[in-house]
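Step one of this worksheet: look at the structure below.
The values are calculated or read from the model by the stated rules, or taken from the named source; none is laboratory data. From a predicted model like this one, the values you see are computed outputs, not experimental measurements. Backbone-built Cβ (ideal geometry, glycine too); neighbour counts: all protein chains shown. Heavy atoms of the whole protein, side chains included, go into the accessibility calculation; ligands, DNA and RNA do not. Shrake-Rupley method; radii C 1.70, N 1.55, O 1.52, S 1.80 Å.
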Amino acid sequence: MPPEPLLPVSDALGRILDTLEVTPAEEVPVSAAVQRVTAVPVHARRTQPPVAVSAMDGYAVRANDVAAVPARLKRVGSAPAGSAWSGTLAAGQAVRIFTGGPVPDGADTIVIQEDVDAEAERDGAWLTVRHGAPAGRYIRPAGLDFREGDRCIDPGRVLTARDVGLAAAMNVPWLMVRRRPRIAVLSTGDEVVRPGEPLGPNRIVSSNSYALAAFIHLCGGEPVVLGIAPDTVDGLQRLARDARGCDMLLTTGGASIGEHDLVRAALAPDRLGPDGLKVDFWKIAMRPGKPLIFGHLGGTPMLGFPGNPVSTLVCGLVFLKPAIETMLGIAQEPHPPQRARLGCDLAANDRRQDYLRSTLASNGEGERVAMPFDRQDSSMLRRLAQAHCLVVRPAHDPARSAGEWVEIMELPPGGL
């Protein structure tokens, strides 16, 4: 009997992303914009700096007056930051200036204060310039950073602290960003209880909903945890209805083929009518994560993840993260694959794309070496927490020897 057909990972991801819509825009204060995603281009509302200013503390002078040194000049005024000297500099004159102070008319260079001997710090005093400065030295021209109307931040950008500072400097107090996708998380299983609740002999502690909620938050979404549904049709249907108004329903557990794996059956159109679950695909060629479901429940995209915690989180990295980014308007651009040397021999792979939890270290040549853990059981969450990367093995990958290059997916601190 031929093996059951399994959808390749790349095809599954493409079919998920093709159905998703970008969330609408909303306005947020610049102070709350970090890690939000811009919905429109951001243009400068002012020129920075608005006028030519000094980059150093010193004296604004005419370059011709200090071409030959020592040069004796007369101080005629001062220009601190936030103020300006209103006159026009004449030959033989100097204006005391501070960092950020507007360069007075007639001046074309700055002599730093370390190169000047001042007889007194007052207007009318004389000073001696010991080292000259060519025209333009230590002057920041108007518009050096940006000019009013310049497009400085593109749409689809995840705003960093640097971007927030730039937007503030551009005099932009509010930013249009994509609304965070609301992802409803529904755990299933009679055997599952919340952390800290009494544990019977046949119960397990729920980790998937907590891990997925944290992961959704890190990816830029807003998790909506619906709770734990019992292994009953009514229980699943009741909690699934609470996903109305969300941008996606994410279930964990109940996606396999056991008699208690009820997600597809409980939400099917023959039970819920036209708003029932219309399955796009079920079962993909990956390990861990084979029994993944994707479809639409009453028009809401739904991902059904397996119940094993490692399967759930690996599926989150492969499918949920790109899905949230697509809803946020972040372009899914191809990136060069990450690679590392393999730290051990591996037997030939079967028809499923494999994601092996691995550590990363450096060899004597400064190359990264990925060492898969001996045990890759999808229930072993501790191994995933200890991993630095996943070694990605394509379906039907031949046997590999230690030292060969392999593709990896890094698990950076602060991510998955």
Task: Pair M409, R351: separation of 7 Å Cα→Cβ label points (nm) - done: 2.2
Task: Selection from L199, F146, G304, by position along the positive dipole direction of the chain (Cβ) - done: F146
Open item on the list: Taking every alpha carbon pair in the stretch 113-250, what does the distance histogram look like in 5 angstrom bins from 0, in percent?
Closed with: 2, 7, 11, 10, 9, 7, 6, 7, 7, 5, 5, 4, 4, 4, 4, 3, 3, 1, 0
TODO: In a Gaussian network model over the chain where Cα atoms closer than 10 Å are linked, find which of S207, S311, S83 has the largest mean-square fluctuation.
DONE: S83
Task: the stretch 10-135: C-alpha pair distances exceeding 25 Å, % - done: 46
Task: Cα gyration tensor shape of the stretch 182-242, rounded if a/c is under 1.5, else prolate or oblate by comparing a/b with b/c - done: oblate
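Could you tell me the relative contact order of the stretch 17-145? Use alpha-carbon pairs under 8 Å, at least six residues apart, and round to a whole percent.
Numbers: 275 pairs, mean separation 41.1, N = 129.
Over the stretch 17-145, the number comes to 32 percent.
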TODO: Grab the alpha carbons of the chain, take their convex hull, and tell me the volume per residue in Å³.
DONE: 211
Task: the chain: relative contact order as a whole-number percent, Cα under 8 Å and 6+ apart - done: 15
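Roughly what % of Cα-Cα distances in the stretch 255-324 sit above 13 Å, to the whole percent? Before the final figure, lay out each step's value.
Numbers: 1544 of 2415 pairs.
When all Cα pairs of the stretch 255-324 are counted, 64 percent exceed 13 Å.
Averaged per residue, what accessible surface does the chain expose to a 1.4 Å probe, in Å²? Please list the in-between numbers first.
On the way: 20320 Å² over 416 residues.
On a per-residue basis, the chain sits at 49 Å².
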TODO: Using only the alpha carbon atoms of the stretch 75-163, find the Kirkwood hydrodynamic radius as the inverse mean reciprocal pair distance, in angstroms to one decimal.
DONE: 15.4
Open item on the list: Please compute the length gained on full extension between V51 and L381, using 0.36 nm multiplied by the number of residues separating them and subtracting their Cα-Cα distance.
Closed with: 113.0 nm
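Heavy atoms only, probe 1.4 Å: what % of the accessible area of the chain goes to carbon and sulfur, would you let me know? Walk me through the intermediate numbers first.
On the way: 10340 of 20320 Å².
Roughly 51 percent of what the probe reaches on the chain is carbon or sulfur.
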Open item on the list: Less than 16 Å apart at the alpha-carbon level, and either on another chain or at least 8 residues along: which aspartates and glutamates does that give for K283?
Closed with: E4, D11, D261, D350, D354
TODO: Compute the projected area of the convex hull of the Cα atoms of the stretch 309-370, averaged over all viewing directions, and report it in nm² to one decimal place.
DONE: 6.3
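Working out 0.36 nm times the residue gap between E121 and S207, then minus their Cα-Cα distance, what length gain in nm do you get to one decimal?
On the way: separation 86, 0.36 × 86 = 30.96 nm, distance 6.91 nm.
Contour length minus the Cα-Cα distance gives 24.1 nm.
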Task: Cross-link partners of K290 among lysines (Cα-Cα below 29 Å; sequence separation of 8 or more within a chain) - done: K278, K321
Open item on the list: Give me the one-decimal nm value for the distance between modelled label points at E148 and V225, 7 Å along each residue's Cα-to-Cβ direction.
Closed with: 5.0
Open item on the list: Using a 7 Å offset from the Cα along the Cα-to-Cβ direction at both H43 and R194, what is the distance between the two label points in nm, to one decimal?
Closed with: 5.0
Task: Extension gain, W174 back to D374 (0.36 nm per residue minus Cα-Cα distance, nm) - done: 66.9 nm
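Using the Cα atoms as the points, what is the convex hull volume per residue of the stretch 261-416 in Å³?
Measuring per residue, one finds 131 Å³ for the Cα hull of the stretch 261-416.
Using a Förster radius of 30 Å, what is the FRET efficiency between E26 and Q237 based on their Cβ-Cβ separation? Nearest 0.05, please.
Working: r = 32 Å, r/R0 = 1.05.
Efficiency for this residue pair is about 0.40.
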